[in-house]
Amino acid sequence: MPANAFSDVAHWVFDLDNTLYPPSARLFDQIERRMTDFVARALNVPDAEADHLRDHYWRLYGTTLAGLMHEHGLEPGPYLEAVHDIDFGVLSPDPDLRSAIADLPGHKIVFTNGSAPYADRVLAARGLAGLFDGVFGVEHAEYHPKPQPEAFAAVFAKAGIAPSRAAMFEDDPRNLAVPHDLGMRTVHVAPAPTPAPHIQHHTADLSGFLRLLRAPRHP
Ligand SMILES: [Mg+2]
């Protein structure tokens, strides 16, 4: 029962993709296909090479976009628009998650490596619109993606997050390393755990985990 570890948390930071909706929605499959198409056209390479580069840049830089910007000087705007032009109909509203987040005390933000307009569409499709004090995309971090420290520094400064009183919920284990170093509580949200020194908690059920934090405590 992790409630005591969170009793002083006043800032709640949520990743978006595969955290605020389940990976079974396979939304990211649609995005990855568009990333591969974009890389193939932008760099004039065959699809197989584009798919390899997409994954290679994700591993090396945190996102495909960061690799395209760093290695090829690509402008981020057209890329972000193209890869996020997807079908949101695979997402459904999640009233349990909405009430679990609504019940958290304090300041709540979304921090995604996608763009904020994309995040707004995902939140609307999940029935989570209007729930957060801020929605921050990669454009709010000068296009530095998580897990780069610059991304956390930029967004946490803009959002007024005090890391010593904050918790981070995220499906990508890499993106919990900097939050842990900053003194945040770290929660890995994924079907299976990935044990690592910087991961303090794991859950496959974000709503259930949040409800446990809010359950009445015995003295
Ligand atoms: Mg994610």
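The values are calculated or read from the model by the stated rules, or taken from the named source; none is laboratory data. Not measured: the values here are computed from a predicted model. Cβ placement follows ideal geometry from the backbone for every residue including glycine, while neighbour counts extend to all protein chains displayed. Surface accessibility is based on the protein's heavy atoms, side chains included, excluding ligands, DNA and RNA. Shrake-Rupley method; radii C 1.70, N 1.55, O 1.52, S 1.80 Å.
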Would you pick out the residues in the stretch 146-163 that are assigned to a loop (DSSP other than H, G, I, E, B), closer than 13 Å to Asn113 by Cβ and over 10 Å from the mean Cα position of the chain (by Cα)?
Pro147, Gln148
Selection from the stretch 164-187 of residues that are part of a helix (DSSP H, G or I) and in contact (Cβ under 8 Å) with a residue 60 or more places away in the chain:
Arg165, Arg174, Asn175, Pro179
Filter the stretch 94-119 for residues that are part of a loop (DSSP other than H, G, I, E, B) and in contact with a Lys or Arg (Cβ under 6 Å, 6 or more places away or on another chain); the one that is surrounded by the fewest Cβ atoms within 10 Å (Cβ to Cβ) is Asp103
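Which one is farthest from Gly160 (Cα to Cα) among residues in the stretch 1-49 that are among the β-branched types (Val, Ile, Thr) and touching a residue at least 24 places away in the same chain (Cβ under 8 Å)?
So, considering only residues that are among the β-branched types (Val, Ile, Thr) and touching a residue at least 24 places away in the same chain (Cβ under 8 Å), the one farthest from Gly160 (Cα to Cα) is Val39.
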Of Met69, Met35, the only residue that is within 16 Å of the ligand (Cβ to nearest atom), over 28 Å from Gly183 (Cα atoms) and outside the structural domain of Ala159 (by TED's automatic domain parsing) is Met35
Collect the residues in the stretch 138-179 that are crowded, with 22+ Cβ neighbours inside 10 Å and in contact with a Lys or Arg (Cβ under 6 Å, 6 or more places away or on another chain), keeping them in residue-number order.
Ala167, Asn175
When residues of the stretch 4-34 are filtered for being farther than 13 Å from Thr186 by Cα and part of a helix (DSSP H, G or I), how many remain?
12
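Can you go through Pro78, Pro22 and tell me which one is open to solvent by 40 Å² or more (accessible area, probe 1.4 Å), away from the ligand (no atom under 16 Å from the Cβ) and modelled with pLDDT of 95 or more?
Pro78
Given the criterion among the small types (Gly, Ala, Ser) and in contact with a helix residue (DSSP H, G or I) (Cβ under 7 Å, 6 or more places away or on another chain), identify the matching residue among Ala48, Ala100.
Sole residue among the options that is among the small types (Gly, Ala, Ser) and in contact with a helix residue (DSSP H, G or I) (Cβ under 7 Å, 6 or more places away or on another chain): Ala100.
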Within the stretch 160-173, residues being small (Gly, Ala, Ser) and either out of contact with any His (no Cβ under 8 Å at 6 or more places or on another chain) or not assigned by TED's automatic domain parsing to the domain that holds Ile109 (or both) number 1
For Ser207, state whether it is in contact (Cβ under 8 Å) with a residue 24 or more places away in the chain and among the polar types (S, T, N, Q).
yes
I'm checking my understanding of the structure. Among residues of the stretch 206-219 that are open to solvent by 80 Å² or more (accessible area, probe 1.4 Å) and part of a loop (DSSP other than H, G, I, E, B), which one is farthest from the ligand (Cβ to nearest atom)?
Pro219
